[in-house]
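Below is one structure, written out as structure tokens; comments come after it.
The values are calculated or read from the model by the stated rules, or taken from the named source; none is laboratory data. Here the structure is a predicted model, which means the values were calculated and not measured. Cβ coordinates were reconstructed from backbone atoms using ideal geometry, including for glycine residues, and neighbour counts include every protein chain displayed.
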Amino acid sequence: MTSKILVTYATKYGSTREVAETIARVLSEKYLAVDVVACKEVKSIEGYQAVAIGAPLYAGSVLSDAVKFINRFQADLAKIPSALFILGPLNDSQQEMRGVQVQLNANRKKFAFFKPAAEAIFVGALNLKKLRFPDSLIKLYRPTKNKPMTDSDNRDWKTIRNWADSLVKKLDLKTEN
């Protein structure tokens, strides 16, 4: 029997949704049954053999829709393998990646019971025109005089696809090939 996977995500501006869709596409190419649904829209995870959860970090916090999802389905997540992917850094420098890891570790108290079998931090995207208050304040404190903040999309699609491909083994998924 082919495994049925839920790829769920929390997003403010769409970048995490696009990553979730890419992960789902890779898993579908492995002949898995995959549903992609926003965290806040998931009513049940019954019938799924695994769950991949994605969320961005904003101002040091995992987006609340993902935290609520993890807490709401705590009992179910304890029974099936899961994966967690986080978007946050704007580039893949050691400083940015380390900063997001520290922030993620600080957030774990909100869902300390959750022990994903696979985890990844991916570089995100930033479209300054889309930002709403208070996120728009990032324009004020992040840039320097010599290096103003600009739009960026440094998501590494190859790394994302490779991580998604690795989930078949890490989550012990049954394929139909």
Filter region 84-113 for residues that are closer than 21 Å to ALA50 by Cβ and in contact (Cβ under 8 Å) with a residue 12 or more places away in the chain and give the result. LEU84, PHE85, ILE86, LEU87, LEU104, PHE111, PHE113
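Residues that are without any contact (Cβ under 8 Å) to a residue 24 or more places away in the chain and more than 13 Å from the chain's Cα centre (by Cα): does region 49-71 have at least one?
Applying the first criterion (without any contact (Cβ under 8 Å) to a residue 24 or more places away in the chain) to region 49-71 yields none.
Checked region 49-71: no residue is without any contact (Cβ under 8 Å) to a residue 24 or more places away in the chain and more than 13 Å from the chain's Cα centre (by Cα).
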Just need a number here: residues in region 40-67 that are assigned to a helix (DSSP H, G or I) and not aliphatic (A, V, I, L, M). 4
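Taking the residues in region 12-37 that are of a type in the set (Gly, Ala, Ser) and under 11 Å from the mean Cα position of the chain (by Cα) as candidates, determine which candidate is surrounded by the fewest Cβ atoms within 10 Å (Cβ to Cβ).
Step by step, filter region 12-37, then rank; the result is SER15.
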Could you please find all residues in region 107-164 being among the small types (Gly, Ala, Ser) and modelled with pLDDT of 95 or more? ALA117, ALA118, ALA120, ALA164
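Residue-wise test of (1) assigned to a helix (DSSP H, G or I); (2) among the aromatic types (Phe, Trp, Tyr).
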position: PHE69; (1), (2): yes, yes
position: ALA75; (1), (2): yes, no
position: LYS79; (1), (2): no, no
position: ALA83; (1), (2): no, no
position: PRO89; (1), (2): no, no
position: ASP92; (1), (2): no, no
position: ARG98; (1), (2): yes, no
position: GLN101; (1), (2): yes, no
position: ASN105; (1), (2): yes, no
